Amino acid sequence: MASADVIAPSTPNWTPFQPTNTTTTTANHPTKDAFDPAKHLNFTPPSKTYSMTDLGLPEGTGISPLAVSEPFPLFTQEAVMRMREEVLSKDVMSNCQYSSHLAQAQLRGYANKYAPFVYDAWKNPETQRIVSQVAGIDLTLQFDLEIGHINLSFKTEEQKRAELEAYRLGRTAERNTPGDDAAIVDWHTDSYPFVCVTMLSDCTNMIGGETALRTGSGDILKVRSPQMGHALVLQGRYIPHSALRALNSSERITMVTSFRPRNPRMRDDTVLTTVRPISNLSELYYQFCKYRLEILEERIRAQLRELTDASAAGRTVSTRRLKGFFEEQREFLAHMNREMVDEDEVVVGCVR
């Protein structure tokens, strides 16, 4: 979820996660109603946001002035219960689980197959409008594969008690952050311009679990963990960040949905670095190429209209502008080509 890309020496060994604490999935017995923004959204604007310059990053870094928001209410409890029910279903846990050196347990590519409520929630125009409002730029979903990516962390009661006791004894005090030395998601920059990170766990008694951001000066800014149903918006493509370990909690389930600019003429710095090793490559490459070629198509159509209008009005064609347009699209296609790494060169689980 550039200088902070994680370099992995080998494919990780892992055992698929099974939830150890799913009591809240059946609590309140959520209804089976389809997603309804009037019923399932609970948006209140964030109390504070941080700009890219607040983080000491150069003017013009990224595609929006916003770096990150404080957590804000987004979904109702009923919506979260529906999401949990779908995310922790047998089909999703059995067929959509991945692991990498970046994060031990992740669920991907399930929304359009097994989770209609999650899929509709993020596809809804009102949800996208809210994320765009917070981001300060009109955004659209990256593509279906990146709807509702899940980062999972589960602990037994014994593990929870042992970690909490160690914290209370000060064994993790060296770095002045509980659990910094065992991040749930290691330091990285995202593959996509913006993410909306939504909490699906009860964090009432949680210690830690913040999102840590590396500023331009190298300092660390920590943004508090969202409460259940709350979210934060982060321009994660341009800011190294990490999800810190949470103590005094049996689980931490976050849903990460990725966004890109809606305007096809805006620059698109999407890479596949962090997602290539944890995706069905055929599906990933199809969706990546499809939206990029649609952008290219829209750009060419706009350029053609401009050229036609200029000729009809008797205006001189600007050779310099046309050549600049051609060069921009040449680099656009070259970037796509670089991201399409041959399947036999991709090591499952290795982010590099």
**Prompt:** Do you know which residues across the range 133-144 are open to solvent by 10 Å² or more (accessible area, probe 1.4 Å) and under 14 Å from the mean Cα position of the chain (by Cα)?
**Reply:** 140, 141, 143, 144
**Asked** In this structure, is residue 68 hydrophobic (A, V, I, L, M, F, W, C) and either at pLDDT below 95 or more than 21 Å from the chain's Cα centre (by Cα) (or both)?
**Response** no
**Item:** Meets criteria (open to solvent by 70 Å² or more (accessible area, probe 1.4 Å), assigned to a loop (DSSP other than H, G, I, E, B) and at pLDDT 80 or above) for residue 46
**Value:** no
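Step by step: first the residues of the range 190-219, then only those that are among the β-branched types (Val, Ile, Thr) and within 13 Å of residue 68 (Cβ to Cβ), then the one that is nearest to the chain's Cα centre (by Cα). Which residue is that?
Out of the qualifying residues, it is 195.
Which one of 306, 297, 331, 283 is part of a helix (DSSP H, G or I), open to solvent by 30 Å² or more (accessible area, probe 1.4 Å), farther than 30 Å from residue 222 by Cα and in contact with a Gly (Cβ under 7 Å, 6 or more places away or on another chain)?
One residue alone meets the criteria, 283.
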**Prompt:** If the Cβ limit is 7 Å and pairs must be 6+ apart or interchain, which residue in the range 287-316 that is under 28 Å from residue 271 (Cα atoms) pairs with which residue that is open to solvent by 80 Å² or more (accessible area, probe 1.4 Å)?
**Reply:** 299/265
**Message:** Just to be sure I understand, how many residues within the range 237-269 are part of a loop (DSSP other than H, G, I, E, B), surrounded by 23 or more Cβ atoms within 10 Å (Cβ to Cβ) and among the hydroxyl-bearing types (Ser, Thr, Tyr)?
**Reply:** 1
**Selection count where residues are assigned to a loop (DSSP other than H, G, I, E, B) and of a type outside the set (Ser, Thr, Tyr), scope the range 73-111** = 9
**Asked** Looking at 212, 166, 135, 173, which one is at pLDDT 95 or above and over 20 Å from residue 98 (Cα atoms)?
**Response** 135
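The values are calculated or read from the model by the stated rules, or taken from the named source; none is laboratory data. Here the structure is a predicted model, which means the values were calculated and not measured. All Cβ positions, even for glycine, are placed from backbone atoms using ideal geometry, and neighbour counts span all protein chains on display. Quick note on the areas: whole protein, heavy atoms, side chains included, nothing else; ligands and nucleic acids left out. Shrake-Rupley method; radii C 1.70, N 1.55, O 1.52, S 1.80 Å.
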